[in-house]
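Right, one structure below, let's go through it.
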């Protein structure tokens, strides 16, 4: 059986209120000497006393739990560490502040708002992977959007997301400094019309053409399986910009298999 406050009090020879005052800071009218407080702490440690998190949450009316909700189940495996690093960082930051994190890859659609406002979470980290539409934010639950900003919401939330605008400019400036004039921009099949892919592609074409470059648009698989057949056509392009890190890694692997020297023969850029 778990050790309770009453068990510690009995072993220390003091009242339960004194133990509660020393270990939890409750009871403003209770006075405990430093000597007695030290004795209570030693006793609690010797008995391996641990606070009951559920009981504490019930008393405070808070769950000390944050929900990390996704618009689609994230891929946390493989070589691309973007989403797994995001989750790991969120958990570490939350734990450091006394919160646990529940990963909710299925709380989407019509039940998302209910999941936010039914009391199970003190706050929500909402990761919008592909779309920036109305995420149905519950107005009474603190919410932070991750990856994509909110759009069309009645109750706007704070958000943290990629500065795609600056990233695109840096890519174009770098390629321009290397004297690249013909570029291929590759999107992922099935994701080419998502909010982020559309923005990155349109921004890149705009900035590249403004810099005097010619851009060819292609749609490949997420691993860039088409690189081999594309390279066999002896393309005039000297740089390949992949809309995601996952595709860029796949392209680099294919290039290695084909003996293509990167970056001497071709410059490859990936996002994320």
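The values are calculated or read from the model by the stated rules, or taken from the named source; none is laboratory data. Nothing here was measured: the structure is a model prediction, and the numbers come from that model. All Cβ positions, even for glycine, are placed from backbone atoms using ideal geometry, and neighbour counts span all protein chains on display.
Details
- The listed residue being outside any strand (DSSP E or B), assigned by TED's automatic domain parsing to the domain that holds residue 192 and in contact with a strand residue (DSSP E or B) (Cβ under 7 Å, 6 or more places away or on another chain), out of 217, 252, 240: 252
- Residues of segment 175-203 that turn out to be part of a helix (DSSP H, G or I) and without any contact (Cβ under 8 Å) to a residue 12 or more places away in the chain, as a count: 3
- Evaluation of residue 238 against (1) at pLDDT below 90; (2) buried (at least 16 other Cβ atoms within 10 Å of the Cβ); (3) closer than 11 Å to residue 184 by Cβ (one fails), failing number: (1)
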